[in-house]
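Participant: Have a look at this one before I ask anything.
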């Protein structure tokens, strides 16, 4: 499997500096993940705040460099790319941001954000061609160009702005789109439309999508695979069916059971253990499993060394000593869990 | 079971915002009743007027918003007409508001205990709490929300997000009000913390036997908590009734489409949004405000505004399909997953 | 969620078309102070531009007219004890004072803008150096330094005066611009611009700068106003340009020739009134611009 984008053993540590070594916190802990060239799919990176999911997204897009480890695009290390290679990387890996209110410069009409990539990346050979491409992109995400172009951002709703964000990413002719919580600030009734357009992009244009979220229900609806992060570590990964319907890691179980469902039969659920909230641990304190302090099933060994990824059933791995009798994942790359069926 | 008494009755409340382009009707004739100990959820998306409604009920509206008509009856008195001196006594003791992003409204330079005490002492004269008992009451208020009493000595930045939200709830309910209005209490929180905060709200409600009005846009969250639901659209209540009935058989097309648009964990189904956009409150279309987006709309809908009417004993809906029908007919074919553009004059959008 | 932006006009391209202009004038950004300040400053500018052509400059030379005359029909503002017509002096002096203020304001702002942008946008060591420099100079009593500089200059001209004042006028704009840039830098639209292929300089000029315009305008007015004050101060001490009349040098001469003791109020009075008028105008303008820049200051009816 040739990887289009590969994160290899990347860690990101914040804080510290010459005089504050003990204040460093780990946002990402030796993570390896790759997006294959063939079979573009939609994968979810799920977690709460502090899980490292946004950091991982920024690493993948090249907006941030890892403290250790590397990021490769089309086989080349992002840190040592030539200007032209960097340009290609920048164009082919596109973001969609969470906040539709923040993602537009209030000084310009929304046309600005759609015209700029065509100009900078040289994707249109004339003004008419540019206009045509923009209109096509808008229509593809379900907007009418006449009602969208020429307007200022404050004249459009959050849902419309978010869709323009998708259209913008599309105009760059990307191979990968990293969507950071694209619908969390959008009304429920409009979410479906935006998510549907992401599915269309993946299916019809072969774009791989990384869907960053804390909302497992939408992840379940549109993603094929999911990676669950907790405090910078992968705790569970696999196909959405496995991970969300039958979670094997206590943290994933906690996440799934906390989802409020509009379903009569599931009302007034019992107290789920796992009280307390995640607080990023300083580097020095990272011994053993990050979730152990909150885990109802924690054993002595959980505090001694961090659990590797075990494979209790096909196409899913969980980093939990509860499954210590299962085989360990053979390669470090998380994606291999569902690509090849690891172990 | 003896019938509970009514603690809150909102009668035909109308709230307007004065703008340079004319008045905007954010709340347009909303009426409902809340019984003691009852949990009511108000579901609305952006532009529905839900926050304006919550703020209006506790009389915390600021210009350019103003109440143009209607009453909010609390224990027999119109809360909106109560003179300012009495208002101080009634607030927090009778009616309390947990505002949106309450955890951000904590004073960063005051300890939590001091902030709770602030509220208590401000009303001490009226409720006659002797100052020496304040410490005890602070501990009690914290216990009500499941926080250990030693947190009273901490500053807000020393608490986690969920703890801060619960501290804000403690401040609001320190005087054990009979009615709690909670406006999106979990909006900025992670899903695990959200659950804890909602559980806290539930325990708080049970402990005080208070009536709770929970306002939100997350249907799952609201229906998990509430006994009775109201659905707001363009400043109007379009459906109302017990939560189980509404989830089972929604009777207003908007409610039905809203429920349908929610993703579920049970099976992967094609995603359906609601086509179109919420209407501009400055330029409301004639007739039913939902008509432009409604798959069932017919001529009468575009001319005459429907009134909230009883469909069953407990369920009400504002829709011209009734009383001719008893239930919503099956949805007409809509293969359209993407937006259907509204007519040109509706293209202006209001964000509330 | 913010309040209904009910003034959303369907996108019409011409910013200066009639409907848009009416919209701007009705917008809550335009306050009474802004309008009043603009009108006042326009009057001063008009006087400065056209005034000198309408008076006879020779009347402002020493010994041109009968000295120490109180205001009369012939000499509307009287004459000073050196035989110069006060009205002519005022008409010739006001533009010079404005020039000094403008030179200092423009130079100070330009330096402040460049340093503030670099400091805020690039951060790191550049930011540390610039910030330390600006912060320490801010604590220095600027008038004292300017006195030293001015006294060392042999022949003081209007331009040199402007530069002297500018030397200590750049720090405040630097800090203001820097803090704005720091907050703009974190907005998502800056990252979107990068994703769109903009280089760092492109981001700086196309995304950050346009949002700084209100702050630049407000800083400019503040800088000019401070510069005029500093210049008048130096001139009143006798360190001003000695080849032209300015409002401040007029005060100096009136002091030197004991105009106060002699009751020649028409000598020191008019320059003070003029200076106050200019200050009030700039102040109103500046607070009006503040409201344009900072939406939270706007009061809604």
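Participant: Within region C:207-265, can you find the residues that are over 19 Å from residue C:166 (Cβ atoms) and not in a helix (DSSP H, G or I)?
Facilitator: Those that are over 19 Å from residue C:166 (Cβ atoms) and not in a helix (DSSP H, G or I): C:238, C:242, C:243, C:245, C:257, C:258, C:259, C:260, C:261, C:262, C:263, C:264.
Participant: Exactly one of these conditions fails for residue A:159: (1) part of a strand (DSSP E or B); (2) at the interface with another protein chain (Cβ under 8 Å from one of its Cβ atoms). Give me its number.
Facilitator: If we test residue A:159 against (1) part of a strand (DSSP E or B); (2) at the interface with another protein chain (Cβ under 8 Å from one of its Cβ atoms), just (1) comes out false.
Participant: Would you mind finding the one in B:238, B:212 that is touching a helix residue (DSSP H, G or I) at 6+ places or on another chain (Cβ under 6 Å), closer than 22 Å to residue B:58 by Cβ and part of a strand (DSSP E or B)?
Facilitator: B:212
Participant: Please go through region A:183-242 and give me each residue that is crowded, with 24+ Cβ neighbours inside 10 Å, over 16 Å from the mean Cα position of the chain (by Cα) and not in a helix (DSSP H, G or I), ordered by number.
Facilitator: The answer is A:186, and nothing else.
Participant: Related question: Answer yes or no as to whether residue B:263 is touching a strand residue (DSSP E or B) at 6+ places or on another chain (Cβ under 9 Å), in a loop (DSSP other than H, G, I, E, B) and within 13 Å of another protein chain (Cβ to nearest Cβ).
Facilitator: Answer is no for this residue.
Participant: I'm checking my understanding of the structure. Among residues of region B:92-134 that are buried (at least 16 other Cβ atoms within 10 Å of the Cβ) and farther than 18 Å from residue B:167 by Cα, which one is modelled with the highest pLDDT?
Facilitator: B:94
Participant: Shifting gears a bit: State all residues of region B:258-276 that are touching a helix residue (DSSP H, G or I) at 6+ places or on another chain (Cβ under 7 Å) and in contact (Cβ under 8 Å) with a residue 60 or more places away in the chain; if no residue qualifies, say none.
Facilitator: Selection gives B:258, B:271, B:272, B:273, B:275, B:276.
Participant: Another question, if that's okay. Please identify the pairs in which a residue from region B:192-210 that is more than 14 Å from chain A (Cβ to nearest Cβ) has its Cβ atom under 7 Å from the Cβ atom of a residue that is surrounded by fewer than 16 Cβ atoms within 10 Å (Cβ to Cβ), counting only partners at least 6 apart or on another chain.
Facilitator: B:209/B:36
Participant: Quick one: which strands (runs of 3 or more DSSP E) sit completely within region A:9-108 and have at least 2 residues that are in contact (Cβ under 8 Å) with a residue 24 or more places away in the chain and over 16 Å from residue A:212 (Cα atoms)?
Facilitator: A:25-36, A:68-73
Participant: Can you name every residue in region B:267-279 that is within 9 Å of another protein chain (Cβ to nearest Cβ), modelled with pLDDT of 75 or more and surrounded by fewer than 23 Cβ atoms within 10 Å (Cβ to Cβ)?
Facilitator: Hits for region B:267-279 are B:272, B:275.
Participant: Only one residue in A:143, A:123 is surrounded by fewer than 21 Cβ atoms within 10 Å (Cβ to Cβ), more than 9 Å from chain C (Cβ to nearest Cβ) and outside any helix (DSSP H, G or I). Which one?
Facilitator: Just one listed residue meets the conditions, A:123.
Participant: Within region A:292-311, can one find any residue that is modelled with pLDDT of 85 or more, touching a helix residue (DSSP H, G or I) at 6+ places or on another chain (Cβ under 8 Å) and closer than 18 Å to residue A:244 by Cβ?
Facilitator: Among the residues of region A:292-311, at least one is modelled with pLDDT of 85 or more, touching a helix residue (DSSP H, G or I) at 6+ places or on another chain (Cβ under 8 Å) and closer than 18 Å to residue A:244 by Cβ, which makes the answer yes.
Participant: Also, I was wondering about something else. Tell me the residue from B:234, B:188, B:174 that is assigned by TED's automatic domain parsing to the domain that holds residue B:75 and in contact with a strand residue (DSSP E or B) (Cβ under 9 Å, 6 or more places away or on another chain), please.
Facilitator: The conditions single out B:174.
Participant: From (1) crowded, with 24+ Cβ neighbours inside 10 Å; (2) more than 9 Å from chain A (Cβ to nearest Cβ), pick out the condition that doesn't hold for residue C:207.
Facilitator: It fails just one condition, (2).
Participant: Select from region C:51-70 the residues that are assigned to a helix (DSSP H, G or I) and in contact (Cβ under 8 Å) with a residue 40 or more places away in the chain and list them in ascending order.
Facilitator: Across region C:51-70, the qualifying residues are C:51, C:52, C:60.
Participant: On to the next question. Testing residue B:220 on (1) over 24 Å from residue B:152 (Cα atoms); (2) at pLDDT 90 or above; (3) part of a helix (DSSP H, G or I), one condition comes back false. Which one is that?
Facilitator: With respect to (1) over 24 Å from residue B:152 (Cα atoms); (2) at pLDDT 90 or above; (3) part of a helix (DSSP H, G or I), residue B:220 is out only on (2).
Participant: Test each condition in (1) more than 23 Å from residue B:171 (Cβ to Cβ); (2) away from chain A (no Cβ under 14 Å) for residue B:43 and report the one that comes out false.
Facilitator: With (1) more than 23 Å from residue B:171 (Cβ to Cβ); (2) away from chain A (no Cβ under 14 Å) applied to residue B:43, the lone miss is (2).
Participant: Of all helices (runs of 4 or more DSSP H) completely enclosed by region C:144-195, which ones contain at least 2 residues that are within 14 Å of another protein chain (Cβ to nearest Cβ)?
Facilitator: C:171-185, C:188-195
Participant: Report, by residue number, each residue of region B:223-235 that is more than 8 Å from chain A (Cβ to nearest Cβ) and assigned to a helix (DSSP H, G or I).
Facilitator: B:225
The values are calculated or read from the model by the stated rules, or taken from the named source; none is laboratory data. These figures come from a predicted structure and were not determined experimentally. A quick note on method: Cβ atoms are made from the backbone with ideal geometry, for glycine too, and the neighbour counts reach across all protein chains shown.
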